[in-house]
Amino acid sequence: MAAPILATKLFIPQPRPGIVPRPNLIKRLNEGQPSGRKLTLISAPAGFGKTTLVSEWVAVCERPVAWLSLDEGDNDPTCFLAYFIAALQTIAANIGKGVLAVLQSPQPPPIETILTALLNEIITVPGHFVLVLDDYHVIDSKPVGNILTFLLEHLPPQMHLVIASREDPHLPLARLRARDQLTELRAADLRFTHSEAAEFLNQLMGLNLSAEDVAALDTRTEGWIAGLQLAALSMKGHPDTTSFIQSFTGSHHYVLDFLVEEVLHQQPEDVQTFLLRTSILDRLCSPLCDAILDSPSVSGKETLEYLELANLFIVPLDNERRWYRYHHLFADVLRMHLMTEQPNQVSALHQRASEWYEHNGSAADAIRHALAAKDFERAAILVELVVPELRRNRQETTVTELGWLKALPDELIHFRPVLSVAYAYALFGSGELGGVEPRLRDAERWLDTPADMGKQTESPAAGMV
């Protein structure tokens, strides 16, 4: 039994109404298609409009487009390939079914054999198509990088790959560039021009600034889109926008901190609390937010709707508006303020998130939040439950599992034979052979221990996976 696919990761973000059109960038993206180039890379820091630009381009692209929004869990090679194939299946429904079956077998063949079979199936897809990998900066796994490198080296001519990332991926970019197989857009390309900044500030944000004020703000932000948006939100209702702009100085980090404080302080107290406390979440839905806030006076559904209408850096993940996420940059800053203003709340918030995910069938998220709460006893119990089930389902989880185990205190694992064996298995699977024998000795030490002394803590989540 394979792990379920989270469908929202395959949804193509809908272009926001009222965005600033960027025909020159759309033209450059279009030029990369018929030229035979394999890869389009859009690489720039957070807040430069990468996803917005790609979704705008996809809306007018004449080729079928598949989309995959990556997250940290995709550092596991099997998980990455499962989602990669699921994205391809939005183009051709039957592609990769046999590959998935082989991938989840007890003894899968070498990865290059699996990838070769997948490439041979891609060749059979009629017509040209595009696959977008968004948020690729979350991938730091060398095995996943090797997979993508192999696929790029042998990419069929009808497939084009688009990667959006905050940083350059570990791929053979120099080789692709030398072969004229790479189209690149970077921060310098994505910055708003003066005319785009004027249209954004005056027409879309309704500020009615003078040409001099627009030029000053554009210069101070260097065309950084998120900075302009934060500045515009802060200036709404400001009695003297010219003075505000004149005082708008500093590096991006300082500017961001200042503006978020201005935006946050203009929100009602209950909205501020909602923003800070839900910032620990990678994805938000109203029941999860209700569980996190644990307050009958605050409605997760109503607050999420308010945040979307107020354009407070929240992104819908599906067409039904059930799941959302914060803009990554905004979430980072909210978490920083949470740690500064409500540090005593952080552990309890993660514990509530862990409990919600446990009762709603997401073991990995339950473990992640338990670890973030430093509730290591709970995390250990959850890992003990999950790892055997994953092995029974023949899921290759070495990367994820090893991360969980390394996050647990060593003395906690030392007295848990199930975790000791799992640790040895994960170390062996990752090639870290030096640590295997000590973990097996830890487990062996408990074989002759009386049951009442070696008894494991009862599970909080039987049958959770």
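Restricting the search to helices (runs of 4 or more DSSP H) fully inside the stretch 77-153 and requiring at least 1 residues that are hydroxyl-bearing (S, T, Y) gives 77-88, 111-123, 142-153.
Residues of the stretch 38-82 that are hydrophobic (A, V, I, L, M, F, W, C), touching a His at 6+ places or on another chain (Cβ under 9 Å) and either closer than 21 Å to Q181 by Cβ or at pLDDT below 90 (or both): L39, A46.
Residues considered: R283, R335, R322. Of these, the only one that is in contact with a Leu (Cβ under 7 Å, 6 or more places away or on another chain), surrounded by fewer than 20 Cβ atoms within 10 Å (Cβ to Cβ) and charged (D, E, K, R) is R283.
From the list E184, E153, the lone residue that is open to solvent by less than 80 Å² (accessible area, probe 1.4 Å), of a type in the set (D, E) and farther than 24 Å from S55 by Cα is E153. Against the conditions (1) within 28 Å of T52 (Cβ to Cβ); (2) out of contact with any Leu (no Cβ under 9 Å at 6 or more places or on another chain), I123 satisfies every one except (1). Checked against the criterion of being open to solvent by 20 Å² or more (accessible area, probe 1.4 Å), over 25 Å from the mean Cα position of the chain (by Cα) and in contact (Cβ under 8 Å) with a residue 60 or more places away in the chain, the candidates P108, P77, P64 yield just one match: P108. Within the stretch 10-56, restricting attention to residues that are crowded, with 17+ Cβ neighbours inside 10 Å and small (G, A, S), the residue that is nearest to L171 (Cα to Cα) is S43. Every condition in (1) of a type in the set (D, E, K, R); (2) under 16 Å from R37 (Cβ atoms); (3) in contact (Cβ under 8 Å) with a residue 12 or more places away in the chain holds for R175 except the one numbered (3).
Taking (1) more than 30 Å from Q203 (Cβ to Cβ); (2) buried (at least 20 other Cβ atoms within 10 Å of the Cβ); (3) touching a residue at least 60 places away in the same chain (Cβ under 8 Å) in turn, G96 satisfies each apart from (3). Pairs linking a residue in the stretch 318-333 that is without any contact (Cβ under 8 Å) to a residue 24 or more places away in the chain to a residue that is among the basic types (K, R) and part of a strand (DSSP E or B), with Cβ atoms under 9 Å and 6 or more positions apart or on different chains, do not occur. Taken as a whole, the structure places A364 among residues that are within 27 Å of D74 (Cβ to Cβ), small (G, A, S), open to solvent by 40 Å² or more (accessible area, probe 1.4 Å) and not in a loop (DSSP other than H, G, I, E, B).
The requirement of being under 28 Å from S43 (Cα atoms), in a strand (DSSP E or B), in contact with a Leu (Cβ under 7 Å, 6 or more places away or on another chain) and in contact (Cβ under 8 Å) with a residue 40 or more places away in the chain is satisfied by I163.
Just so you know, in the stretch 234-278 the residues that are touching a His at 6+ places or on another chain (Cβ under 8 Å) and buried (at least 19 other Cβ atoms within 10 Å of the Cβ) include one that is modelled with the lowest pLDDT, and it is V260.
For the subset of the stretch 189-209 comprising residues that are open to solvent by 20 Å² or more (accessible area, probe 1.4 Å) and under 24 Å from the mean Cα position of the chain (by Cα), which member is modelled with the lowest pLDDT? Going through the qualifying residues, I end up with R191.
The values are calculated or read from the model by the stated rules, or taken from the named source; none is laboratory data. In this text the structure is predicted, and so the values were computed from the model without any measurement. Note that we place each Cβ from the backbone using ideal geometry, even for glycine, and neighbour counts take in every protein chain shown. Quick note on the areas: whole protein, heavy atoms, side chains included, nothing else; ligands and nucleic acids left out. Shrake-Rupley method; radii C 1.70, N 1.55, O 1.52, S 1.80 Å.
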